[in-house]
Amino acid sequence: MKSKNNKKLKVLSGTSIAYSDTDDPNPSPLRRFRYPLDSDHPLIVHANHYDHATSPDWDVHAGLEMGVILRGKVNRWQGRYKQTLTRGEVWLCNAWEPHGFSAVRTPVDLLEVMYWPAGLAMSGAVDRVDYLQPFRLPAADRPAAKSKATKRKMIQLAEEILALQNAPLGFERQALLVKWILLELIAGRKNLPTGANSATGMERILPALQLVQDHPTRRIPLDEAARACHISTPLLVRLFRTMMGASFAEYARRRRLAALAAELRSSGTKISALAKTHGFIDAPHLNRIFKSAFGMTPGEYRGQSG
């Protein structure tokens, strides 16, 4: 089976997909996959393989993202923040947070996990752990696997997750192991709380999250989001930042940027027109916001789409 950018795609299970660029002579630098995350499908696991070094590849999606490097060396960008990661190291990425990737020293093998934010929060209600906390922090402050012992543990857990692709109850066991990785990272940072219960707060802001999901190009007023949640505007402001690590306006803006980025890849519409249809004042305003999020202008991003 081939993906739209001609990468070989193999479906391993209902929740797991592997990508390889082995036979792709002209790989696109941009990933064009969509991840169907919701309450019924809260977790997707990828086993990714890269045979040769790649150009920076930018993506943005609704799910929380976690990755573990099993072999090789990669670069990761989140806005202007850059990480270089090797075997056993981990990255975390928040929902609708633009991020870039490139394979540096190959071959590269890695585990990549997408998690629906509400699903992870509700899971924390059972364990009495705030699993969302590491994702809320600024990219540079998120917990990481630095010690040799922690790296070995990350590799062990990642390999166990991948070994469960087609096992009975594999999905449930994969979800438990993903939480175990997060617990190991949280335990390594003394300033991260482990006793919070975030499920109630997430449940209260879910209508606002859905509103953003359903209207990818429209600027949504804060009071409209509060009415959808049946709470006051000040309470929504406080709950949303507490739960998602960003204001409602910032979160909704990321969503609009994601929709705009998709159009940059798929159409030749003028950037000034896209700015207006996606809720930005004008092209210069969009350029500033887009460059802050993606580390490049909309025109540069479109140029990378081939």
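At-a-glance table
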| read-out | value |
| --- | --- |
| Some residue of segment 187-195 being in a helix (DSSP H, G or I) and in contact with a Gly (Cβ under 8 Å, 6 or more places away or on another chain) | no |
| Within segment 267-304, considering residues that are among the small types (Gly, Ala, Ser), touching a residue at least 24 places away in the same chain (Cβ under 8 Å) and in a helix (DSSP H, G or I), the one nearest to Cys93 (Cα to Cα) | Ala293 |
| Close pairs from segment 146-165: first farther than 18 Å from Glu65 by Cβ, partner outside any helix (DSSP H, G or I) and hydroxyl-bearing (Ser, Thr, Tyr), Cβ under 7 Å, at least 6 apart | Gln165/Ser13; Gln165/Ser16 |
| Any hit, segment 121-138, residues being more than 25 Å from Tyr81 (Cα to Cα), surrounded by 20 or more Cβ atoms within 10 Å (Cβ to Cβ) and in contact with a Leu (Cβ under 6 Å, 6 or more places away or on another chain) | yes |
| Cβ-Cβ under 7 Å pairs, at least 6 apart or on other chains, segment 77-91 side in the same structural domain as Lys148 (by TED's automatic domain parsing) and among the small types (Gly, Ala, Ser), far side crowded, with 17+ Cβ neighbours inside 10 Å and assigned to a strand (DSSP E or B) | Gly88/Ile69 |
| Some residue of segment 33-40 being among the polar types (S, T, N, Q), at pLDDT below 90 and under 25 Å from Ala175 (Cα atoms) | yes |
| Residue match in segment 103-113 (condition: of a type in the set (Val, Ile, Thr), assigned by TED's automatic domain parsing to the domain that holds Pro56 and more than 24 Å from Arg76 (Cα to Cα)) | no |
| Neighbours by Cβ (under 7 Å, 6+ apart or cross-chain): first from segment 204-227, modelled with pLDDT of 95 or more; second crowded, with 17+ Cβ neighbours inside 10 Å and aromatic (Phe, Trp, Tyr) | Leu222/Phe248; Ala225/Phe248 |
| Subset of segment 148-185 (residues that are under 24 Å from Met122 (Cα atoms) and at pLDDT below 90) | Gln165, Pro168, Leu169, Gly170, Phe171, Glu172 |
| Within segment 116-170, considering residues that are among the aliphatic types (A, V, I, L, M), assigned to a loop (DSSP other than H, G, I, E, B) and under 23 Å from Asn75 (Cβ atoms), the one nearest to the chain's Cα centre (by Cα) | Leu137 |
| Hits in segment 103-131 - residues which are farther than 25 Å from Ala163 by Cα and at pLDDT 90 or above | Val104 |
| Residue satisfying condition, being surrounded by fewer than 22 Cβ atoms within 10 Å (Cβ to Cβ) and under 21 Å from Lys153 (Cα atoms), within set Arg87, Arg80 | Arg87 |
| Segment 240-253 - residue that is surrounded by fewer than 19 Cβ atoms within 10 Å (Cβ to Cβ) and assigned to a helix (DSSP H, G or I) and, of those, modelled with the lowest pLDDT | Thr242 |
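Results for (1) of a type in the set (A, V, I, L, M); (2) buried (at least 20 other Cβ atoms within 10 Å of the Cβ), shown as yes or no for each residue.
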position	(1), (2)
Cys229	no, yes
Leu235	yes, no
Arg238	no, no
Leu260	yes, yes
Phe280	no, yes
His285	no, no
Pro298	no, yes
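The values are calculated or read from the model by the stated rules, or taken from the named source; none is laboratory data. Note that the structure is predicted; figures quoted are calculated from it, not measured. As a convention, Cβ positions derive from the backbone with ideal geometry for all residues, glycine included, and neighbour counts pool all protein chains shown.
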